Amino acid sequence: MWYPTWALRRPDVSHDQPAQAVDGANTVVARNELAAASGITIGMQRRSAEAICPTIVTIVCDATADMARFEPVVASIEAIVPRVEIASPGLVFLPIGGAVRYYGGEAPLVERVSKELSEFGGDYRIGLAAGPFASHQAA
């Protein structure tokens, strides 16, 4: 399960203007739809992004604050599938073998997780695959 724009889910980020989140190396790690429409891509350097879109709002990621905001999401997922592996704020991996059998298949499990995540809003993605790398790519 992945929230690609989790770093931008802060109260000081407006949804009506282009926004990006950068890491400590000034590399873009998240951007909203308006920034994407302007040509901002993940992995781009901050200066390049600001040159393309001078009105973009830039947020420096704070992993501790992001994780604190992500804890309620993790808790709601853990109520459905135990042993949640948190890769980073906004990205978790779940061992679903037992949960698939318990809920009666992959589709009912995804529906149940989606129902829980809908209360948090945002654009989340769920990908089912064998292994963390493939799951991330599927999401």
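Which percent, nearest 5, of DSSP beta bridges in the chain are antiparallel?
Details: 9 of 13 bridges.
If we restrict to bridges inside the chain, about 70 percent are antiparallel.
Taking the Cα centre of the range 20-86 as origin, work out the dipole magnitude from +1 charges on Lys and Arg Cβ and -1 charges on Asp and Glu Cβ, in debye rounded to 20.
200 debye
Per DSSP helix of 4 or more residues, -39500 (n - 2.57); summed, then divided by the residues of the chain. What does that give at 222 nm, rounded to the nearest 500?
-11500 deg cm²/dmol
Compare the peptides 86-93, 28-35 by average per-residue count of other Cβ atoms within 10 angstrom and give them in order, highest first.
Highest to lowest by the protection proxy: 28-35, 86-93.
Given a cut-off of under 8 Å on Cα pairs at least six residues apart, what relative contact order in percent is computed for the chain?
Here the relative contact order equals 26 percent.
Quick one: go through the range 97-139 and flag any residue whose amide nitrogen is under 16 Å from the point 7 Å out along the Cα-to-Cβ line of residue 85.
97-99, 127-139
Return the distance in nm (one decimal) between the two label points of a simple spin-label model at residue 126 and residue 112, each offset 7 Å from Cα along Cα→Cβ.
1.0 nm
So how strong a dipole does the chain carry about its Cα centre when Lys and Arg Cβ are +1 and Asp and Glu Cβ are -1, to the nearest 20 debye?
200 debye
List every residue whose amide H lies under 5 Å from the amide H of residue 91, counting only residues 5 or more places away in sequence or on a different chain, with H placed 1.01 Å from N in the peptide plane.
Amide H to amide H, under 5 Å and 5 or more residues apart or across chains, residue 91 pairs with 3.
With only alpha-carbon atoms in the gyration tensor, what are the semi-axes of the equivalent ellipsoid for the range 17-133, in Å, largest first? Intermediate values should be presented prior to the final figure.
On the way: eigenvalues 211, 41, 33 Å².
Semi-axes from the Cα gyration tensor: 32, 14, 13 Å.
What distance in nm lies between label points placed 7 Å from Cα along the C-beta direction at residue 36 and residue 65?
Simple spin-label model gives 2.4 nm for this pair.
Quick one: 3J(HN,Hα) in Hz for the range 79-92, Karplus 6.51/-1.76/1.60 with θ = phi - 60°, rounded, Gly and Pro as x.
5, 9, 10, x, 6, 6, 9, 8, 7, 6, x, x, 9, 10
Under a crude label model (7 Å from the Cα following the beta-carbon direction), how far is residue 15 from residue 100 in nanometres?
3.4 nm
Readers should treat all values here as calculations from the given coordinates under stated rules, not as data from a laboratory. Keep in mind that this is a model prediction, so the values were computed, not measured. Glycine also receives a Cβ, built like all others from the backbone with ideal geometry; neighbour counts cover every protein chain displayed.
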